[in-house]
Each structure stands twice: as C-alpha cells, then as structure tokens.
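The values are calculated or read from the model by the stated rules, or taken from the named source; none is laboratory data. These numbers were taken from a predicted model, which means no experiment stands behind them. Here the Cβ positions follow ideal geometry from the backbone for every residue, glycine too, while neighbour counts run over all protein chains shown.
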Amino acid sequence: KVSNKRYSESLRDNRDLILKSKDLASIRTDVPVNLDLKELRMEPPDRPAVVELFKELEFHTLLKEYESTGGESAATPAKSSTDPPQPAQNLKSPDAVKAWVDRLRRAKQFAVAVSAETGNSFAEDSFKLGLAIGEDEAALVEIGEKDLWKESGLQDVLEDDGVAKQTHDCKDIALRLAREAAVTLRGVCDDTMLMSYLLDANESNHTLERVARQRLEMELPPGPDAAAAATARLTPLLRKEIEALELKAVYETMELPLAAVLTRMEQAGVRVDETVLAGLSAEFESKLIQLTADIYRLAGTEFNINSPKQLGEVLFEKLNLPSGKKSKKSGQYSTAIDVLEELGASYDLPRLILEYRQISKLKSTYVDALPRLIDARTGRIHTSFNQTVAATGRLSSTEPNLQNIPIRS
C-alpha cells in the first residue's frame with residue numbers, strides 16, 4: 001500500500017504502462033534458444049579483417065585509432081609485400097663506401113635517408129646515412145669526416161642529377177645533408193611522404209613509421225638504413241596508386257618541384273631588421289605604460305589587466321556596465337573580444353582594453369619574439385614550410401609561424 005496520495009493516484013492511472021514496463025524489463029527464461037553457449041564465448045577479434053574493412057571503407061580516423069592501440073601490429077606478424085630484406089651492411093671506411101657508390105651508379109636509382117636523432121653533426125662524429133638499392137639491399141654509412149665523403153665518391157653520387165633518388169621528406173633530407181655534410185642533394189625522383197599526402201590529404205600524419213605500418217604492415221626498425229629500405233619498398237607501391245588515381249601530373253609537376261623550392265626558401269631564410277623591431281618594442285612599451293595609466297584612471301582602481309576574472313569584476317560589478325554575462329562553466333564574466341567591441345562603442349574603458357590587448361600581443365608574440373629566433377650564423381630566421389599538413393593543399397609555417405603575422409595592426 002502506498003500512503004502518499006499523489007503516488008498512489010499516479011500508480012493507479014498508469015497501471016497498464018507499469019505492467020508493460022515490468023514485462024519488458026524481465027528476463028525471459030522460457031524462450032526456446034537453439035544456440036551452443038560455447039559459441040557465445042568472447043573470442044579475440046579478427047584484427048586483419050578489421051584492418052582490411054577499415055581500409056576498404058576508407059575509415060582513416062578509425063584505422064589510425066586502431067593502429068595506435070596496437071590493432072594492426074597485433075593482428076599478424078610484421079610482413080611486407082616482398083621477402084624480408086637482407087641485413088644492412090655497415091660501411092665505416094672510404095673503400096667500403098666507394099664500393100657501394102659504384103653499385104649505386106650501376107643501379108641508377110637508390111633510396112636515401114638520414115639519421116633522425118636531433119643534434120646530429122660531424123662534430124659529434126654521429127651523422128649517419130642510410131642507402132638502399134631496390135627492396136633487398138641496404139647500407140649504413142658511418143664515416144664522420146666531410147673530406148671522406150668527397151674521397152669516397154659519396155658526395156658526387158648524391159649531387160649527381162643523373163642518378164635518381166627516392167626519399168621520404170626530401171626537403172628535410174636535403175637540408176640536413178647541406179647543413180651537416182655540405183652536400184647538395186640532386187636527382188630526387190620520388191618522395192613517399194608527398195605521395196602519401198596526395199593519396200590521403202585528410203590524414204595529418206605522414207611519417208615514415210605510419211606509412212610503413214599502413215602499407216607494408218611492418219613496424220619500422222630504428223636507423224636510417226631501415227628508413228632507406230622502407231622508402232625503397234614503398235616507392236613502387238605508392239607510385240602505382242598515384243598513377244591509378246591520375247595524380248601523376250600533380251605529383252610530378254607540382255608537389256615534387258615545390259619541395260625543391262621550399263628547400264631553397266628555408267635555406268635562404270627571411271631577413272629581419274632588428275633595428276626596426278627594437279624601435280617598435282620601445283614604442284609599444286611606452287604606449288602600454290600610457291594605456292595602463294588611462295585604464296586605471298577610468299576604472300578607478302588598479303588591477304591585473306591581463307586577468308579576465310579581474311577585468312570582468314571591474315567592468316560589470318564595480319562600473320556596472322551592461323551585457324555582463326557569466327559563463328556557466330567558469331562562473332566568470334565574459335571579456336571576449338565581441339563583448340568588449342560592443343561595449344567599446346559606448347564606453348572608453350573597453351575600447352582601451354582592446355587597444356592594450358592588441359599592442360601587448362604584437363609586442364610579445366612578434367616584435368620581441370622574432371629577434372630571438374634569428375640564426376646567429378646567417379642573421380636570418382629559418383622557418384619550416386610544411387607541405388603535407390593542410391588538407392586544402394596550402395602551405396603552413398612553423399618554428400616560427402611567419403604566415404600569421406598581422407599586417408593591418
């Protein structure tokens with residue numbers, strides 16, 4: 001018996017619905033089920049089938065997430081479309097390198113990679129080069145003196161336009177060779193990173209590790225010799241797809257030539273006039289000091305101008321300006337640009353806050369930051385132009401981003 005009158009009436013009025021809900025929620029044990037319980041036991045997933053299905057349906061994001069959890073690598077032992085390559089030869093003497101250079105010239109085409117460790121240089125005697133001929137022959141070059149590269153003929157074959165090179169990120173390899181070995185890489189005929197990007201521009205990760213995992217179903221071993229071998233294996237596979245999708249013209253007449261142009265742009269760097277920036281810094285500092293004084297005067301108190309919380313309290317509690325709305329998540333007043341612009345049409349303080357923010361941003365992000373990024377050897381800023389990031393095909397710029405500098409303010 002339900003003593004509460006309201007509950008009692010509700011139960012009476014909804015009797016049929018309650019009984020139906022109870023019936024639906026009850027587990028039926030009298031249903032004839034012709035199943036072997038052993039067949040219902042949880043078994044490991046068919047990982048290769050999942051990978052193939054995701055590839056077929058072009059579920060690139062799901063495939064990427066699946067790979068990141070070990071899905072593909074755990075599916076089957078690492079394998080490739082060809083037999084496993086022979087172990088790389090370790091070339092430590094000029095004579096050994098010279099013998100390999102002769103083979104490179106006879107082959108007329110080879111893959112090249114450089115060691116991925118940061119800070120690699122001849123000064124540390126650690127700069128390593130990976131070479132591969134076809135899918136079965138690879139070598140690791142470990143001679144550390146620049147003169148030996150010339151003596152062995154390695155520099156000449158790398159700079160020979162008549163001997164084709166396969167790379168993964170030819171721009172980075174060319175820049176590293178130029179910086180560390182004074183070698184100008186020429187004759188790049190294929191780049192697996194650029195081909196991977198053209199085949200799936202929506203994918204942001206085109207590292208050799210990922211492409212090898214996806215296309216060769218293998219985990220890439222460390223070292224430039226393994227990188228060169230993987231590049232040699234990937235090149236014909238990706239080439240075939242590029243041609244099947246009629247992307248050959250875009251690849252050969254736009255993307256590959258552009259990589260060479262970007263290499264020269266990065267090497268040349270961007271000239272920066274430090275004197276002009278120093279003058280702007282002093283001018284902006286003086287302006288910020290004046291704006292700070294004016295803001296404090298209008299607010300009737302001193303506060304942290306860069307604190308949205310304190311600014312919101314000054315604008316909407318102390319001065320009682322309209323449009324003060326608190327965020328449900330933070331419980332603070334919004335001081336976003338659109339709020340300040342609306343208030344700035346009628347009040348001086350929000351307008352001065354906007355001006356303060358703009359000048360402060362210019363000073364800290366550009367005027368004061370850019371001089372610190374100037375290379376001491378060249379007196380220029382050497383940004384990185386990224387060719388395989390934006391799905392639309394546009395370039396991006398990092399370290400620093402020179403494409404995002406305001407031109408109107």
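Within the option set 316, 385, being closer than 30 Å to residue 251 by Cβ and surrounded by 13 or more Cβ atoms within 10 Å (Cβ to Cβ) holds for one residue only, 385.
Does at least one position in the range 262-279 carry a residue that is surrounded by 15 or more Cβ atoms within 10 Å (Cβ to Cβ), more than 27 Å from the chain's Cα centre (by Cα), modelled with pLDDT of 90 or more and in a helix (DSSP H, G or I)? Yes; the residues of the range 262-279 include at least one that is surrounded by 15 or more Cβ atoms within 10 Å (Cβ to Cβ), more than 27 Å from the chain's Cα centre (by Cα), modelled with pLDDT of 90 or more and in a helix (DSSP H, G or I). Cβ-Cβ under 8 Å, sequence separation 6+ or interchain: first residue in the range 259-284 and on the phi > 0 side of the Ramachandran plot, partner in a helix (DSSP H, G or I). Which pairs? Final answer for the pair search is none.
For the range 138-180, a tally of residues being hydrophobic (A, V, I, L, M, F, W, C), within 29 Å of the chain's Cα centre (by Cα) and farther than 17 Å from residue 227 by Cβ returns 2.
Could you please let me know if residue 175 is over 21 Å from residue 219 (Cβ atoms) and touching a residue at least 40 places away in the same chain (Cβ under 8 Å)? Answer is yes for this residue. For the residues 378, 365, 392, the requirement of being β-branched (Val, Ile, Thr), surrounded by fewer than 16 Cβ atoms within 10 Å (Cβ to Cβ) and not in a loop (DSSP other than H, G, I, E, B) singles out 365.
Residue 403 meets each of the listed conditions (1) closer than 29 Å to residue 207 by Cα; (2) touching a Ser or Thr at 6+ places or on another chain (Cβ under 9 Å); (3) modelled with pLDDT of 85 or more apart from (3). Just one of the listed residues (175, 262) is touching a Phe, Trp or Tyr at 6+ places or on another chain (Cβ under 9 Å) and within 30 Å of residue 150 (Cβ to Cβ), namely 262. Identify, please: which residue in the range 297-355 is among the aliphatic types (A, V, I, L, M), within 36 Å of the chain's Cα centre (by Cα) and part of a loop (DSSP other than H, G, I, E, B) and is, among those, modelled with the lowest pLDDT? Per the criteria, the residue is 336.
Count of the range 337-346 residues, restricted to those that are surrounded by 17 or more Cβ atoms within 10 Å (Cβ to Cβ) and either β-branched (Val, Ile, Thr) or closer than 14 Å to residue 316 by Cβ (or both), is 3.
Of all residues in the range 1-31, none satisfies the criterion of being exposed (fewer than 10 other Cβ atoms within 10 Å of the Cβ) and touching a helix residue (DSSP H, G or I) at 6+ places or on another chain (Cβ under 6 Å).
Conditions (1) outside the structural domain of residue 282 (by the TED database); (2) touching a residue at least 40 places away in the same chain (Cβ under 8 Å); (3) touching a Lys or Arg at 6+ places or on another chain (Cβ under 7 Å), marked per residue:
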residue: 348; (1), (2), (3): no, yes, no
residue: 368; (1), (2), (3): no, yes, no
residue: 374; (1), (2), (3): no, yes, yes
residue: 391; (1), (2), (3): yes, yes, no
residue: 394; (1), (2), (3): yes, no, no
residue: 398; (1), (2), (3): yes, no, no
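Could you please let me know if residue 135 is of a type in the set (D, E, K, R), touching a Lys or Arg at 6+ places or on another chain (Cβ under 9 Å), at pLDDT below 85 and not in a strand (DSSP E or B)? Show your work before the answer.
Details: of a type in the set (D, E, K, R): yes; touching a Lys or Arg at 6+ places or on another chain (Cβ under 9 Å): yes; at pLDDT below 85: yes; not in a strand (DSSP E or B): yes.
Yes; evaluated as a whole, the condition is true for this residue.
Please specify each residue of the range 235-253 satisfying the condition of being loosely packed, with under 13 Cβ neighbours inside 10 Å and charged (D, E, K, R). Show your work before the answer.
We begin by selecting, within the range 235-253, every residue loosely packed, with under 13 Cβ neighbours inside 10 Å; these are 240, 243-246, 249, 253.
The answer is 240, 243, 246.
Only residues that are aliphatic (A, V, I, L, M), part of a strand (DSSP E or B) and crowded, with 17+ Cβ neighbours inside 10 Å were counted across the range 164-204, and they come to 1.
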